[in-house]
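The values are calculated or read from the model by the stated rules, or taken from the named source; none is laboratory data. Small disclaimer: the values here were computed from a predicted structure and weren't measured. Heads up, the Cβs are rebuilt from the backbone with ideal geometry, glycines too, and the neighbour counts pull from every protein chain shown.
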Amino acid sequence: MTLPAQQAQHAGGDGAGNGAGESAPRHLLGVRGLPRETILPLLHAGGAALDTSTIPWRTRSSSALLGKRVATLFLEDSTRTRASFTLAARTQGADALDVSAAASSISKGESVTDTARVIASMGADALVVRSGSPGMPGVLARALAEVAPDCLVVNAGDGRHEHPTQALGDALVIANTLGREGFGFEGLRVLIVGDGRNSRVPRANSAFLRALCAEVVAIGPTLLAPASLENALGVRVSRDLDAELEQADVVMLLRIQRERGGGRLMGSVRDYRLGYALTGARAERLKPGAIVMHPGPVNRGVEIDPGVADAPRSMILHQVSAGVAARAGVLRAMLADDARAGHG
Ligand code: NCD
């Protein structure tokens, strides 16, 4: 499957540091602003890699990326995103190389851009970047433009800004569990509950979901789900989870982003839970087919009750499994020789 040059060129979404989308085409820096026809090839690539006939779901192996090198550079902690990019690369036959800030020369004062140049100079075909700084993947894409022009940058989460591959994996889960394999999400109502102000997940997911024609409602207290999200994300904002539950097809919980100040804004855990936790009692009011999602890491007993996180309607581990396939799809779409030929 190919990601046509024009589509990949635009794969910069909006805002923070995405100018690299123009100067360094083919990078995946964000998904906001991407039209449905750009998103669909990525979804189809992930969907083709995902095998839902087993438990847990698995990513189909291939040799499409034989001889390619995929490096991850993680400047913020991660379990599932980093491991799934590495695994995704390997399932498609690529060599994978992991670099984390704490165990690299960044701790000796080397700049992040110099570190990226070093990794790219080892022949990396793709650099997968996670950073606390919004726009860092775009900064690195620009930094590599001269020393390693063929090295593609993939955003694995940058501050509050974007998390494109989380959105891809989540869309695969919705498609497969709600019978929307063609990715037409018309008529689906998705509640995104919690720290929409500080989490990058709703920015990427709302863009995706809206492009696929789902209705998205951001829910939370004023400080965590400010009214400004309506314009920023193009979603409806609600303060009343209880009023929304029964119409929901998907309830997506967000962790309070304490590392980005969310803890100060949430008030007490007790008050937060009263208004916004998906408790067992609230989950009982969901429609029979409705699903519960959470990108993880989960703070059990804060935004979601343990019994709800482990219930059959919880897709939390399916999201992890689909994340591997989504990332395999992205890497194939961007790196496979037939895809690169498509870039002309
Ligand atoms: C999310 C992230 O890092 O943005 N985690 C993930 O990648 N699955 C969500 C979070 O940290 O709350």
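Numbers below:
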| read-out | value |
| --- | --- |
| Subset of segment 231-243 (residues that are over 17 Å from ARG273 (Cβ atoms) and more than 16 Å from the ligand (Cβ to nearest atom)) | ASN231, ALA232, GLY234, VAL235, ARG236, VAL237, SER238, ALA243 |
| Residue match in segment 255-267 (condition: within 16 Å of the ligand (Cβ to nearest atom), crowded, with 20+ Cβ neighbours inside 10 Å and polar (S, T, N, Q)) | yes |
| Matching residues, segment 173-206, being of a type in the set (Phe, Trp, Tyr) and at positive phi | PHE183 |
| Criterion (within 15 Å of the chain's Cα centre (by Cα) and surrounded by fewer than 24 Cβ atoms within 10 Å (Cβ to Cβ)) met by exactly one of ARG203, ARG160 | ARG160 |
| Selected residue (only one of SER107, SER111, SER78, SER121 is assigned by TED's automatic domain parsing to the domain that holds GLY157 and surrounded by 17 or more Cβ atoms within 10 Å (Cβ to Cβ)) | SER78 |
| Residue in segment 176-195 that is closer than 14 Å to LEU253 by Cβ and among the small types (Gly, Ala, Ser) present | yes |
| Pairs where the first residue, in segment 225-250, is of a type in the set (Gly, Ala, Ser) and the second is loosely packed, with under 15 Cβ neighbours inside 10 Å, C-beta under 8 Å, 6+ apart | ALA225/ARG239; ALA248/LYS287 |
| ALA116 being closer than 28 Å to SER63 by Cα and crowded, with 21+ Cβ neighbours inside 10 Å | yes |
| Any hit, segment 119-142, residues being more than 15 Å from HIS27 (Cβ to Cβ), of a type outside the set (A, V, I, L, M, F, W, C) and in contact with a helix residue (DSSP H, G or I) (Cβ under 7 Å, 6 or more places away or on another chain) | yes |
| Helices (runs of 4 or more DSSP H) contained entirely in segment 277-344, each with at least 2 residues that are more than 16 Å from the ligand (Cβ to nearest atom), farther than 26 Å from GLU246 by Cβ and in contact (Cβ under 8 Å) with a residue 12 or more places away in the chain | 316-335, 337-342 |
| Options GLY157, GLY132, GLY93; residue that is in contact with a Leu (Cβ under 9 Å, 6 or more places away or on another chain) and closer than 30 Å to ILE256 by Cβ | GLY132 |
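Residue-by-condition table, conditions (1) touching a residue at least 12 places away in the same chain (Cβ under 8 Å); (2) under 13 Å from LEU331 (Cα atoms):
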| position | (1), (2) |
| --- | --- |
| ARG58 | yes, no |
| PHE74 | yes, no |
| ARG80 | yes, no |
| SER84 | yes, yes |
| ALA96 | yes, yes |
| ALA103 | no, no |
| GLY123 | yes, no |
